[in-house]
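These notes are about the structure you will find just below.
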Amino acid sequence: MTTENDKDKDQIEAPKPAKARRTTKDGAKAKPKTATAAKSKAKAKTTRAPRGKAKAAAPATDDAPKVAAEPLAVPRLLTRYRDEVTGTLTKEFEYGSPMEVPRLTKILLNIGIGAEAITNSKAVENASGDLTLISGQHPITTRARKSIAAFKVREGMPMGLTVTLRNRRMYEFFDRLVSSALPRIRDFRGVSRESFDGRGNYALGISEQVIFPEIDYNSIDRMRGLQVVVVTSANTDREGLRLLELLGVPFARTEEELAVA
């Protein structure tokens, strides 16, 4: 008869079954994976950055200082137009609505290169640099629409440069033109009053680009002229003339004004 002590003894002395050892394809014994090794491998997979991709930037914190963009100042000429010119034109022409008061719409700047582009390969580049300094905006190259054998012009050749200014840059350029550039012309006696097109738009020709303070005389390759076209919303030349006169354009005196003076 077996007692309870003998049963306990048999359970204690019974050998435990051996664990099956893992083998590789070659029959070699494989090392058993431990829990720590598996955890470290999984951690390496999560922290390793993919190849060929930049690391993600650190998220911005709320403690970082926020810099507010400063508002741009209103051009001086625009302020003058709103405070003085609008009221004066309304009284003189008896406009019924503020929308009828003429204003500046856009300003066009043109430089013609012509035959210079054939002989000088850097003519377009140099003229573009001058026009960029004058206007503060990169110009567009105008090209020939058709070939003319007598002038050695081929279709698609660069023939000039043009810039269209609106809004803020238009007022800033017009202010520099009437207050700084035109007074620097030698023996200047005012611009012509007869350069309107019948609809209140004015065209002005400038023979030398060096009258603008932005152009350095020692850095230019040659003298180039340009054309300035001021487009307004006026319906007549009389309204356009009065608008530009109030904005500061130095028009030449008429014979009546010279006789009175």
Legend entry - Sparse-neighbour loop sites [GluC sites (Glu not before Pro); the range 174-261; at most 15 other C-beta within 10 Å; DSSP]: E194, E214
Inset, instruction - Taking the Cβ of each residue in D130, D187, D216 as the centre, tally the other Cβ atoms inside 10 Å and list the residues starting with the fewest. - result: D187, D216, D130
Inset, instruction - State, to one decimal in nm, how far the label point of L72 lies from the label point of K152, with both points 7 Å from Cα in the Cβ direction. - result: 4.3 nm
Legend entry - Neighbour-count ranking [beta-carbon atoms within 10 angstrom, fewest first] of T236, T119: T119, T236
Inset, instruction - Mind giving me the FRET efficiency for S179 and I220? R0 is 25 Å, r the Cβ-Cβ distance, nearest 0.05 is fine. - result: 0.65
Legend entry - Under 5 Å, built H, 5+ apart or other chain: amide partners of T105: V231, T232, S233
Inset, instruction - Please arrange M159, M223 by counting, for each residue, the other beta carbons lying within 10 Å of its beta carbon, fewest first. - result: M223, M159
Legend entry - Area projected by the alpha carbon convex hull of the range 175-261, averaged over all directions, nm²: 6.6 nm²
Inset, instruction - Tell me the trypsin sites (Lys or Arg not before Pro) within the range 73-119 that lie in a loop according to DSSP and have at most 16 other beta-carbon atoms within 10 Å. - result: R103
Legend entry - Under Karplus coefficients 6.51, -1.76 and 1.60, residue-wise ³J(HN,Hα) of the range 164-176 in Hz, glycine/proline x: 10, 10, 9, 6, 4, 5, 5, 5, 5, 5, 5, 5, 5
Inset, instruction - Hey, can you grab everything whose amide H is under 5 Å from the amide H of G136? Only 5+ residues off in sequence or another chain; H modelled, so Pro and N-termini drop out. - result: none
Legend entry - trypsin sites (Lys or Arg not before Pro) restricted to DSSP loop in the range 173-218 with at most 10 other C-beta within 10 Å: R186, R189
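Coordinate-derived values only; no laboratory data. From a predicted model like this one, the values you see are computed outputs, not experimental measurements. Cβ atoms come from the backbone with ideal geometry, glycine included; neighbour counts cover every protein chain shown.
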